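Single-structure report; data block below.
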Amino acid sequence: QVHLVESGGGLVQPGGSLRLSCAASGSIFFFSAYAMGWYRQAPGKQRELVAHITSGGRTNYTDSVKGRFTISRDNAKKMVYLQMNSLKSEDTAVYSCRATAGMVYWGKGTLVTVSS
């Protein structure tokens, strides 16, 4: 069983920054082989992909966060990060990470609230 635990969410003012972390543990012996993604779900909306990083380190982002968010990974620590800058109220959502390598695993998410 693979466990993903997100952290780093909270309340931030518009224009502020947050760094989300996703820690992998359990039966995930080759973390570097997993593609990792950050997803978010805002109230009343469908879950959407925010950022993705392949096992080889290639990244892609949804258009609304390009230039503001950066996804990165530390395979030795089995961690994935999402640096979020210039946050907007529309970034308010529960952010979850997903690990994929044949099987798919999800974390429970961390709430990000952008409000003044």
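The values are calculated or read from the model by the stated rules, or taken from the named source; none is laboratory data. This structure is a prediction, so every number in the text was calculated from the model and none was measured. Note: ideal-geometry Cβ built from the backbone for every residue, glycine included; neighbour counts use all protein chains shown. With ligands, DNA and RNA removed, areas are computed over all heavy atoms of the protein, side chains included. Shrake-Rupley method; radii C 1.70, N 1.55, O 1.52, S 1.80 Å.
Worth pointing out:
- For Phe69, nonlocal amide neighbours, meaning residues 5 or more places apart or on other chains whose placed amide H falls under 5 Å from its own, are Asn85.
- Backbone HN-Hα couplings from phi across segment 43-58 [Karplus 6.51/-1.76/1.60, Hz, Gly and Pro as x]: x, x, 10, 6, 5, 10, 6, 9, 8, 9, 9, 7, 4, x, x, 6
- Shape parameters for segment 18-76, alpha-carbon atoms, Rg then Dmax in Å: 12.6, 37
- Taking a point 7 Å from the Cα of Arg47 along the Cα-to-Cβ direction, the residues of segment 102-116 with backbone N closer than 17 Å to it are 102-112.
- Extension gain for Ser32-Val104 works out to 24.5 nm (0.36 nm per residue, less the C-alpha to C-alpha distance).
- In the context of the full set of protein chains, the chain has a per residue accessible area of 54 Å² (1.4 Å probe).
- Rel. contact order, % - alpha carbon contacts under 8 angstrom, at least six apart, the chain: 37
- When Asp74, Asp63 are compared by accessible surface with a 1.4 Å probe, the order from highest to lowest is Asp63, Asp74.
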